[in-house]
Amino acid sequence: MSEPKIEGIELKPGFKGMAEDTGSDQTMFKGVHWGKAMMWIFLLSDTFIFSCFLIAYMKGRGSTPVEWPNPSEVFALDAFGVPVPLLLIAIMTFVLITSSGTMALAVKYGYEKNRKMCGWLVLATAIGGLTFVGMQAFEWSKLIHEGVRPWENPFGAAQFGSFFFMITGFHGTHVSIGVIFLFIYAYKVFAGHYDQQKRGWFTSMKGDYVEIEILGLYWHFVDLVWVFIFAFFYLW
Amino acid sequence: MSEDYNDNKTIHAQSSETMGGGSAGVTPDMDYVRPAEIADQDLYHGHSFITKWIFCQDAKVIGVQYFLLATFTGVVGLILSWLMRLQLGFPGAAGFVTAEHYYQFVTMHGMIMVVYFLTALFLGGFGNYLIPLMVGARDMVFPYLNMVSFWSFFVAVAVLMASFFVPGGPTGAGWTLYPPQTILEGTPGSGAGILLMCLSLILFVAGFTMGGLNYLITVLQARTRGMTLMRMPLTVWGIFTATVLAMLAFPALLVGALMMSLDKVLGTSFFMPTILKAGEVLEYGGGSPILFQHLFWFFGHPEVYIVALPAFGIISDLISVHARKNIFGYRMMVWAIVGIGALSFFVWAHHMYVSGMNPWFGFFFATTTLIIAVPTAMKVYNWILTLWRGNIRMNTVMLWCLGFIVTFVNGGITGIFLGNVSVDVPLSDTYFVVAHFHMVMGIAPLMVIMGAVYHWFPLVAGRFLSEKLGKWHFWLTFLGAYSIYFPMHYLGFIGVPRRYYEMYDSPYVTSAVGMNEFISLAAFLVGAAQFILIYNIIKTLKTGKPAGKNPWKANSLEWLTPTVPPEHGNWGDRLPVVHRWPYDFSVPGAKDDYITQTTPPSEVSNTGVEKT
């Protein structure tokens, strides 16, 4: 993978600069790493996937004749004998958003070539993600114990279970994939692969700290999607 | 690489357009091109048979792999269409084509041809081979991902083909896979067949996404020096825009396929309403079948343009080269491609007029549908104006181009009929629709593929395909295709319904029977004619006339590689430097009737070539 360099090229700000870059040769996004540009476009495509899911959910919720379950009751958790609505979800959301913060710091330390700090922060992000997935597994098992299934549930419309398991499952898969990569990248950072520009296992391309930022883009996206799922599923 | 690029003295941000224009004298500044921004690409060179030809990271080999596998699925689709025509023309002639099998053949023929043949061939095949060469890159930007993309496609095809051999056979729900009947008992292949179909589509989308990211980033971020977006051949513009469409449209298909599999496996009711079957209520209930139709067509309509836009791009280049004339209205062509791409996301419900909708909704979609005719018609006029007073070479490639224009106009005009709600409703379940989309989306892109094969084969294999066989291939295909689809319009007008296994003793019988027999005979002929191409390729590989460098005297970069066929890395030691667009043909004052993209202005300073 090539590291773009933009020697001798003055980038102009604003709309005029954008138009000039678009009209120029070689690259459209001056100085942007190929992998980073790729991740942005992939995320745009992934946005369409989640949009389709959420629009399907809205349509499904609107067209079922049976009443939709009340999320404040279904997702309540007993704390000291008192049912607190959305308690678990609030913690989950907090953990995931916090992991976005550690990810951002990891990117910063990565560009500063601070191997140790970057590695610990990537690891912290991975653990945050893992905690999230664990809590989601807990939430799933709790709902399953209460009799919620993809095809039925005791609280109302069967589509509630269908959409809940499908959409949170799809998002959880995204988080899990992210966690796996975070662990791999944490190892690569600690082992110094990015400092030595060591070639990758599969791609045989030289490693660089920019990969941390690319993974960070994915991670922030997964968090952002969670915010939408949270709003549509738990608050509506 | 730095030595290679230091041939210019000054290093500022300045484009070549602003330099030396209009001055009569030859100055060194005239040839100025911005310095390199990107370091030379680091490539993995295969060193064994497996890494060179099977799990290969060279986009050109991947392109050929895509081409061959897509052609294989296309031949399967062709054989299915023969079996269908056998039943329609001569009911009961082949005993094994039962009603169930007929529906399975219809379904698989549709899905294979649209997704696994045309999409894979245009984007995976031509995209991989041509994009890096045409923009002057050494390879796709992520060669490893590109390899995985092809092998995902391979697995997707394997899963699809496996569905022929599972109990119950492949799905027979029609290529649109409309629920609820798709997954209900009684529909052929409602068990394993539909599941494998959904799985195969999901794999295809995943594999395509990997390839698509490559095409987009290669075009956006890995062009060579001097290659601006507005100097790219229209082929690249077509494939690029189609890839954007695919990246945004395939998600809907993925979601639809996933939800359908859950309805089948887990018994969810995303798409399943309350259903009474033989007096009993099924366990499904509360879902919306229309939701699937929206998801499917939000993918399905852009899919039409995912196939059409690369065809538009390729045909523009072929016509320009073989008419020895610059493409008429290049910028208009680019904006038409982009405009058609954008509009294609706002027309999907015209496939659903008969599903029932608010009249205003239908009105909206009819309007947007007809608006698409404007940029499309602009393109057709521009092709014709490119041909007008051109120095036309009447070779096989040009024949395919002319065949394309005629077929495309024909299919486009029937599209205007079907885009209007009140005309569509009576016609939509008849053979008129079959004729329309086969003309516009089947035969027209196929003509482009054939033209492109005859055009680029000398580059890929270094030898010319036989012109004599090529002309036989063209005339049999062209006249045969018209013999198939022209009568189908008439069948549609007299009300013959599509998707019917047999007409039995319906009132259409008298006029439709003879016509159906004729169509079937023509279909057998056209199908057989395609094997002329396969024979031609095999023969040419052994004994064809060597082509040498740039045999068509074209301008674009793919013909200007140091070796023909190009090697891995494409350009030898030095990347090409681009000074102009690829359409400088027959320029007054120039020595030859073409000026390649790499020719610097100082070499042709006596000509009246415009700054492009």
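A few points about this structure:
- Selected residue [within 26 Å of B:Y381 (Cα to Cα) and touching a Ser or Thr at 6+ places or on another chain (Cβ under 7 Å)] from B:M447, B:M398: B:M447
- In a residue-by-residue description of the stretch A:119-139, the property of being touching a residue at least 60 places away in the same chain (Cβ under 8 Å), within 20 Å of A:L88 (Cα to Cα) and of a type in the set (S, T, N, Q) applies to at least one position.
- Condition met for B:G212 (in contact (Cβ under 8 Å) with a residue 60 or more places away in the chain and either at the interface with chain A (Cβ under 10 Å from one of its Cβ atoms) or under 20 Å from the mean Cα position of the chain (by Cα) (or both)): yes
- Qualifying residue in the stretch B:87-101 (condition: surrounded by fewer than 21 Cβ atoms within 10 Å (Cβ to Cβ), within 24 Å of the chain's Cα centre (by Cα) and of a type outside the set (F, W, Y)): no
- Across the stretch A:52-75, the qualifying residues are those that are outside any loop (DSSP other than H, G, I, E, B) and more than 9 Å from every other protein chain (Cβ to nearest Cβ), and the one among them that is surrounded by the most Cβ atoms within 10 Å (Cβ to Cβ) is A:Y57.
- Pairs with Cβ under 6 Å, 6+ apart, first in the stretch B:471-487 and closer than 23 Å to B:Y431 by Cα and surrounded by 20 or more Cβ atoms within 10 Å (Cβ to Cβ), second among the small types (G, A, S) and modelled with pLDDT of 95 or more: B:T477/B:A529; B:F478/B:G403; B:G480/B:A522; B:I484/B:A522; B:I484/B:A523; B:Y485/B:A435
- Answer from A:R115, A:R149 - the residue that is surrounded by 16 or more Cβ atoms within 10 Å (Cβ to Cβ) and under 15 Å from A:K188 (Cα atoms): A:R115
- Scan the stretch B:219-234 for residues that are facing chain A (nearest Cβ under 9 Å) and in a helix (DSSP H, G or I) and the total you get is 6.
- Out of B:V513, B:V526, sole residue that is among the aliphatic types (A, V, I, L, M) and crowded, with 16+ Cβ neighbours inside 10 Å: B:V526
This table checks each residue for (1) surrounded by 20 or more Cβ atoms within 10 Å (Cβ to Cβ); (2) of a type in the set (S, T, N, Q).
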| site | (1), (2) |
| --- | --- |
| B:T563 | no, yes |
| B:D573 | no, no |
| B:P582 | yes, no |
| B:F585 | yes, no |
| B:D592 | no, no |
| B:Q597 | yes, yes |
| B:P600 | no, no |
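Table: residues versus (1) within 14 Å of chain B (Cβ to nearest Cβ); (2) surrounded by 17 or more Cβ atoms within 10 Å (Cβ to Cβ).
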position	(1), (2)
A:S141	no, no
A:V179	no, yes
A:Q196	no, no
A:S204	yes, no
A:V210	yes, yes
A:G216	no, yes
A:W226	no, yes
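- Residue check, B:G300 within 14 Å of chain A (Cβ to nearest Cβ), among the small types (G, A, S) and over 30 Å from B:N128 (Cβ atoms): no
- The residues of the stretch B:184-199 that are surrounded by fewer than 24 Cβ atoms within 10 Å (Cβ to Cβ) and part of a helix (DSSP H, G or I), listed by number, are B:A192, B:L195, B:L196, B:L199.
- Of all the listed residues (B:W237, B:W175, B:W151), the sole one being within 14 Å of chain A (Cβ to nearest Cβ), farther than 30 Å from B:V577 by Cβ and in contact (Cβ under 8 Å) with a residue 24 or more places away in the chain is B:W151.
A quick yes/no check of all residues on (1) without any contact (Cβ under 8 Å) to a residue 24 or more places away in the chain; (2) more than 8 Å from chain A (Cβ to nearest Cβ):
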{"residue": "B:L248", "(1), (2)": "no, no"}
{"residue": "B:A252", "(1), (2)": "no, no"}
{"residue": "B:A257", "(1), (2)": "no, yes"}
{"residue": "B:D263", "(1), (2)": "no, yes"}
{"residue": "B:T268", "(1), (2)": "yes, no"}
{"residue": "B:L276", "(1), (2)": "yes, yes"}
{"residue": "B:V281", "(1), (2)": "yes, yes"}
{"residue": "B:G287", "(1), (2)": "no, no"}
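- For the stretch B:559-603, filtering for residues that are hydroxyl-bearing (S, T, Y), outside any loop (DSSP other than H, G, I, E, B) and under 23 Å from B:P35 (Cβ atoms) leaves 1.
- Taken together, the criteria exclude B:I519 from residues that are in a helix (DSSP H, G or I) and under 24 Å from the mean Cα position of the chain (by Cα).
- Selection status of B:G285, part of a loop (DSSP other than H, G, I, E, B) and either out of contact with any Asp or Glu (no Cβ under 9 Å at 6 or more places or on another chain) or of a type in the set (S, T, Y) (or both): yes
- Among the candidates A:A191, A:A157, A:A231, residue that is of a type in the set (A, V, I, L, M, F, W, C), within 14 Å of chain B (Cβ to nearest Cβ) and out of contact with any Cys (no Cβ under 7 Å at 6 or more places or on another chain): A:A157
- Qualifying residue in the stretch B:63-77 (condition: polar (S, T, N, Q) and without any contact (Cβ under 8 Å) to a residue 60 or more places away in the chain): yes
- Residue check for A:M166: within 14 Å of another protein chain (Cβ to nearest Cβ) and hydrophobic (A, V, I, L, M, F, W, C): yes
- Candidate set: the stretch A:143-154, residues that are assigned to a helix (DSSP H, G or I) and away from chain B (no Cβ under 14 Å); chosen: the one nearest to the chain's Cα centre (by Cα): A:L143
- Conditions (1) surrounded by 18 or more Cβ atoms within 10 Å (Cβ to Cβ); (2) more than 14 Å from chain B (Cβ to nearest Cβ); (3) at pLDDT 95 or above; number of the one not met by A:I127: (1)
- If the condition is being in contact (Cβ under 8 Å) with a residue 24 or more places away in the chain and basic (K, R), then the stretch A:162-217 contributes only A:K206.
- Criterion (within 21 Å of A:V175 (Cβ to Cβ), of a type in the set (G, A, S) and more than 14 Å from every other protein chain (Cβ to nearest Cβ)) met by exactly one of A:A79, A:A90: A:A90
- Looking at B:Y129, B:Y103, just one residue is among the hydroxyl-bearing types (S, T, Y), under 30 Å from B:D317 (Cα atoms) and in contact with a Gly (Cβ under 8 Å, 6 or more places away or on another chain), and that residue is B:Y129.
- Here the stretch B:161-176 is the region considered, the condition is being in a loop (DSSP other than H, G, I, E, B) and aliphatic (A, V, I, L, M), and the residue that is surrounded by the fewest Cβ atoms within 10 Å (Cβ to Cβ) is B:V166.
- The set of residues in the stretch B:110-136 being assigned to a helix (DSSP H, G or I) and more than 30 Å from B:G172 (Cα to Cα) consists of B:F126, B:G127, B:N128, B:Y129, B:L130, B:I131, B:P132, B:L133, B:M134, B:V135.
The values are calculated or read from the model by the stated rules, or taken from the named source; none is laboratory data. All figures in this text were calculated on a predicted structure; none of them were measured in a lab. Positions of Cβ are generated from backbone atoms using ideal geometry, with glycine treated the same way; all protein chains shown enter the neighbour counts.
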